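**Student:** Shown below is the structure under consideration.
The values are calculated or read from the model by the stated rules, or taken from the named source; none is laboratory data. Quick caveat: nothing in here was measured; it's all calculated off a predicted structure. All Cβ positions, even for glycine, are placed from backbone atoms using ideal geometry, and neighbour counts span all protein chains on display. The accessibility values were calculated without ligands, DNA or RNA, using every heavy atom of the protein model including side chains. Shrake-Rupley method; radii C 1.70, N 1.55, O 1.52, S 1.80 Å.
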Amino acid sequence: FLLPDGGPRVKLGGEVVWVDPVARDYAGERALGLGVRFSSVDAAVATRLKDLVESFRYRVVTLGFDDLSVAEGAFGDLFPLERVASFEALEDAARSGQVGLVLLNEHPGETSMLGLLEQFVKVSSERRPPVFYCAETSSPALETILDAHARVQFVRVPFERIELRSRVSCAIDTFVISFQKELLSDELARTLERVSRENAWLRDRIDAPG
């Protein structure tokens, strides 16, 4: 098989150890889940496979930060960071389904980032990730957005390392659990609808007792 890293084709021996025919992908669409155990994996291939698995982890996307050393030190071991330079790149990343959190940084005396935040929360998108708006102080305009969008939080800078680590972990965990609940609710609704149709079909074919 080919890995998305553009490297040479990989050929490995292995066995399928489990199959889940009703798995769902990141967008909630039906997908076939397979568990495969590989054998005789050399070091180079193992490294490529590890990098592939790492790419599935939710990442934190940042916009407006000149220095990410504090963020990397706070939670870089938990979630990879990706720096983007424009609103368009931010939107593209959010649509990928692999972003668990967005960090927007407002520089003192500037208001352009607040405008980008307003755009970001207005643009419709499935599974919009939570947003941390990082600034020295809040403002009435920001508080209006916070009141209207539960997934947007104000985070004061400079960061406190332990607090930032805790808040990032909590925000992403809550986001993931919320999505899983949505999937379960959708699956339950589909199951109840199917059972209702089956019951109606049976009632039409079974005579009532005389």
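**Student:** If I ask for residues that are over 16 Å from the mean Cα position of the chain (by Cα) and without any contact (Cβ under 8 Å) to a residue 12 or more places away in the chain, which ones from the range 27-65 would you list?
**Tutor:** Result: ARG30, ALA31, ASP42, ALA43, ALA44, ALA46, THR47, LYS50.
**Student:** Give me the residue from the range 169-210 that is hydroxyl-bearing (Ser, Thr, Tyr) and under 25 Å from CYS134 (Cα atoms) and, out of that set, surrounded by the most Cβ atoms within 10 Å (Cβ to Cβ).
**Tutor:** Here the residue is SER169.
**Student:** Could you list, in sequence order, all residues of the range 88-114 that are open to solvent by less than 30 Å² (accessible area, probe 1.4 Å), free of Cβ contacts under 8 Å to residues at least 40 places away in the same chain and either under 20 Å from ASP173 (Cβ atoms) or out of contact with any Phe, Trp or Tyr (no Cβ under 9 Å at 6 or more places or on another chain) (or both)?
**Tutor:** ALA93, ALA94
**Student:** Output the qualifying pairs, or none if there are none: Cβ atoms under 8 angstrom, residues six or more apart or on different chains, first residue in the range 149-166 and within 20 Å of LEU117 (Cα to Cα) and touching a residue at least 24 places away in the same chain (Cβ under 8 Å), second residue open to solvent by 60 Å² or more (accessible area, probe 1.4 Å) and not in a helix (DSSP H, G or I).
**Tutor:** These pairs meet every condition: VAL157/GLU136.
**Student:** Something else now. Which of the residues belonging to the range 73-87 are small (Gly, Ala, Ser), surrounded by 14 or more Cβ atoms within 10 Å (Cβ to Cβ) and in contact with a helix residue (DSSP H, G or I) (Cβ under 8 Å, 6 or more places away or on another chain)?
**Tutor:** Answer for the range 73-87, where residues must be small (Gly, Ala, Ser), surrounded by 14 or more Cβ atoms within 10 Å (Cβ to Cβ) and in contact with a helix residue (DSSP H, G or I) (Cβ under 8 Å, 6 or more places away or on another chain): just ALA74.
**Student:** Quick check on my filter: what residues within the range 147-168 are buried (at least 16 other Cβ atoms within 10 Å of the Cβ) and part of a helix (DSSP H, G or I)?
**Tutor:** LEU164, ARG165, ARG167, VAL168 - these are the residues of the range 147-168 that are buried (at least 16 other Cβ atoms within 10 Å of the Cβ) and part of a helix (DSSP H, G or I).
**Student:** On to the next question. On the basis of being over 30 Å from THR191 (Cβ atoms), open to solvent by less than 80 Å² (accessible area, probe 1.4 Å), among the polar types (S, T, N, Q) and in contact with a Leu (Cβ under 9 Å, 6 or more places away or on another chain), does THR47 make the cut?
**Tutor:** When the stated conditions are applied, THR47 does not pass them.
**Student:** Give the range 50-72 a look and list any residue that's at negative phi and either in contact with a Lys or Arg (Cβ under 6 Å, 6 or more places away or on another chain) or surrounded by 14 or more Cβ atoms within 10 Å (Cβ to Cβ) (or both), or say none.
**Tutor:** Correct list: TYR58, ARG59, VAL60, VAL61, THR62, LEU63, PHE65, LEU68, VAL70, ALA71.
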